[in-house]
1. For residue B:101, all conditions in the list (1) more than 9 Å from chain A (Cβ to nearest Cβ); (2) within 13 Å of residue A:370 (Cβ to Cβ); (3) open to solvent by 10 Å² or more (accessible area, probe 1.4 Å) hold save one; what is the number of the exception?
2. Give the residue that is farthest from the other protein chains (Cβ to nearest Cβ), with candidates limited to residues of the range A:506-516 that are more than 11 Å from the ligand (Cβ to nearest atom) and either in contact with a Phe, Trp or Tyr (Cβ under 6 Å, 6 or more places away or on another chain) or open to solvent by 10 Å² or more (accessible area, probe 1.4 Å) (or both).
3. When both residues are 6+ apart or on different chains and their Cβ atoms are under 8 Å apart, which pairs have a first residue that lies in the range A:157-178 and is on the phi > 0 side of the Ramachandran plot, and a second that is in a loop (DSSP other than H, G, I, E, B)?
4. Out of (1) farther than 18 Å from residue A:513 by Cβ; (2) under 25 Å from the mean Cα position of the chain (by Cα), the odd one out for residue A:39 is which?
5. Search the range A:158-180 for residues being outside any loop (DSSP other than H, G, I, E, B) and within 14 Å of the ligand (Cβ to nearest atom), and hand back the single one that is farthest from the other protein chains (Cβ to nearest Cβ).
6. Can you name every one of the strands (runs of 3 or more DSSP E) wholly within the range A:1-110 that holds 1 or more residues which are within 11 Å of the ligand (Cβ to nearest atom), within 13 Å of chain B (Cβ to nearest Cβ) and in contact (Cβ under 8 Å) with a residue 24 or more places away in the chain?
7. Could you look through the range A:129-157, keep only residues that are in a helix (DSSP H, G or I) and open to solvent by less than 30 Å² (accessible area, probe 1.4 Å), and pick out the one that is farthest from the ligand (Cβ to nearest atom)?
8. Would you pick out the residues in the range B:104-113 that are within 15 Å of residue B:44 (Cα to Cα) and open to solvent by 40 Å² or more (accessible area, probe 1.4 Å)?
Amino acid sequence: MTTPPGLTAAVFDDALREIRAAVGDEWVFTTPADTALYRDAYSLFWDEPEERLASAAVAPATVEQVQAVTRACNARGVPLYPISTGRNLGYGGSAPAYSGSVVLDLKRMDRVIEVDERNGSCIVEPGVSYFDMYRHLQSRGSRLWIDVPDPGWGSMIGNALDFGGGYTANPYRNHFEAHCGMEVVLADGEILRTGMGALPGAQTWQQYRYGFGPYLDGLFKQSTLGITTKMGFWLFPQPEAYFTASINLPRYDDLPMLVDTIGELENANIFNGMPGISSPVLFRGGKNPLDFPEIPEGAEMDRLARETGLPCWSARLTFYGPEQVIRAQWAYAKSRFPTASFTEHALVKLPLSPADMERIHKPSFGIPSLEMFAMGARSAHNPNPTDGHFWFSPIIPRTGEGFIAANRIIRQTCQRLDIPVLLFSPPVSSWWRAFILVMAIPVHKDPARNQHLRAAVKELIRVCADHGWGEYRTAPAFHDAVMDTYSYNNHIVRRVNERIKDALDPNGILSVGRYGVWPKRLREQGGRK
Amino acid sequence: MSHTPLLTHRRAVLKGGALGLIPALSSAPAWAAIAPGVLIDAHVIDRRVWPGALPRSDAPVLPFDGDITALWYHRLDPRWRRPGFVLGGITGADTLFVLEQLARTRHRAVVSRRPLSAGATQWVIAPAHPSIAG
Ligand SMILES: Cc1cc2nc3c(=O)[nH]c(=O)nc-3n(C[C@H](O)[C@H](O)[C@H](O)COP(=O)(O)OP(=O)(O)OC[C@H]3O[C@@H](n4cnc5c(N)ncnc54)[C@H](O)[C@@H]3O)c2cc1C
């Protein structure tokens, strides 16, 4: 068993004794074999001294047990790292951000506390996975949908807290945005309920998010300030139909107008699904649509388009709603593009028929799946699968010009810095009104390759920041580097976060170092990596 | 306290024996030496990596084709929520990775893994915590 940094073995033993008394001996894990289960399978530090490893893990079953564990740790300065289902692969897995932390594994707290069909909402505990919730809704014949990320094995709470996203309609696909009300255990063991949850007897906890006074929930997004033990979510009433169609525009110069107009249509609620930008001419010949090549100069792209007869750009709109309404919305959308051609892809009536179930992208219908893991498998097309990947996901301007600039500069920088790219997405609108680019970069179990990658990606982060593009979420290896780029007014964002951290968690025990926020004692020791 | 791998009652046999029970596959089918119905409660076989003959076994043999989601959701997870149940399988390393993560949520662990022909791994997942001892 390792001891957290800065603690004596005796103090740590004493903390574990108190924790065992609270949760039961069999739910405290200290052997190397047990703590190894919390290694980040996609770690960028695999087998290096800097790899972030747990000293122990604890799996409480109730809020009271969470409070007891937190108090035991707070009294002795034991770092504690809460996870829900710990499937944050590509962003840190189930490993702590600070080596030596005790992982607080909340998977046993897996109750669906309530589903309110009339309000279209639920309250869940952290261990409730998307699959669990789907099973719960299906078994009760519910007409509500969840919104799921690509892998459905994560938890509704863990994913939302790390600011994850899915694929269905606005606002459900932004999982933090779709939450309403939280219960959080603070570092001193006190329980906070946000929004209307602060009013005893209120029946509106999952209806009105904001309660009274400052809105506190944002403090717990990508946070080091609390352990979320309950969260309410709004659920999507199953629509009558799903429809997707593309608007195709012939010329390179059409992109800014295309992006602006679909933005306006989306902001006016003419369509509610996630829009997608593609380039038929660049993806000709069946190229992987998730691997956007570097966009050539305008004249070259127009020449290719003329020669192939393919449009330079296409925007796919997705609609969820009654068929009649969707048809009218699509007719209106088409009327806004007089020079375009159109392709109608699919109208799917809901609930899904068994045949439709086999051919759809399940997450677009709120159905959890693990299919993408079978796609990355070793095959004739993919003879050397990697040891995992991490995600690089900058927010870029939601304009045609912004996308072209980001695509070119990031592609060229990756090439210059020898950063391999498994996947380079088109601009993605998981978050309403914003574009992100999502790149998957392979990691290896080879320290030399990972060291090169870490240095190169830090440089890529700086290049992006120089252009005003900042990551919305990142792997722990880059938390500090990304936080460094949010530097307006001498890093006031980080400094305010630190002030709040010091006030709410003065002993600096919770989620140490996560998202580049370090507690006072480690800042003073130069502990920031 | 160590729980990995911890198999209890009749499964305890497997803890020491799993590696020895599953032979290398140079000459025999992978499942040939798994005593039928004694230790393994079901086998999952990915036809994509193991297109050959399926085991003749008293325990159910559950074939699938690349994507484990439906088989896990409908058959394995409901069973994994109850105590006991030792699962054997031949899959790619990718599917084993997925199953290993899912098994962990239900307090189970891979207690044996053996690479076979290119792309295929033979493995056993068993209870790894007293709360689900069979
Ligand atoms: C192939 C692939 C595809 C992916 N696609 C997507 C996608 O489409 N969308 C997406 O969002 N992600 C995606 N991911 C990333 C990731 O797998 C998911 O976001 C996953 O849901 C996160 O894991 P989790 O839900 O188990 O959260 P956890 O790992 O439990 O939590 C994430 C982090 O949040 C914090 N946290 C968790 N629970 C608590 C709590 N109760 N209190 C305080 N802090 C807490 C911890 O710091 C933790 O490390 C993908 C990953 C892979 C490998």
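The values are calculated or read from the model by the stated rules, or taken from the named source; none is laboratory data. Source: prediction; values computed, not measured. Heads up, the Cβs are rebuilt from the backbone with ideal geometry, glycines too, and the neighbour counts pull from every protein chain shown. To get the accessible areas, we keep the full protein, side chains included, count just its heavy atoms, and leave off ligands, DNA and RNA. Shrake-Rupley method; radii C 1.70, N 1.55, O 1.52, S 1.80 Å.
1. Only one criterion in (1) more than 9 Å from chain A (Cβ to nearest Cβ); (2) within 13 Å of residue A:370 (Cβ to Cβ); (3) open to solvent by 10 Å² or more (accessible area, probe 1.4 Å) is unmet by residue B:101, namely (1).
2. Out of the qualifying residues, it is A:506.
3. These pairs meet every condition: A:163/A:175; A:163/A:176; A:163/A:221; A:163/A:222; A:163/A:472; A:163/A:473.
4. (1)
5. A:174
6. Filter on the range A:1-110 gives A:80-83, A:102-105.
7. Taking the range A:129-157 as the starting set, the residues that turn out to be in a helix (DSSP H, G or I) are A:130-139, A:156-157.
Now narrow it down to the ones that are open to solvent by less than 30 Å² (accessible area, probe 1.4 Å): A:130-133, A:137, A:156-157.
Numbers: A:130: 8, A:131: 11, A:132: 12, A:133: 12, A:137: 18, A:156: 8, A:157: 5 Å.
Per the stated criteria, the residue is A:137.
8. Initially, the range B:104-113 is screened for residues within 15 Å of residue B:44 (Cα to Cα), giving B:110, B:112-113.
Passing the criteria: only B:113.
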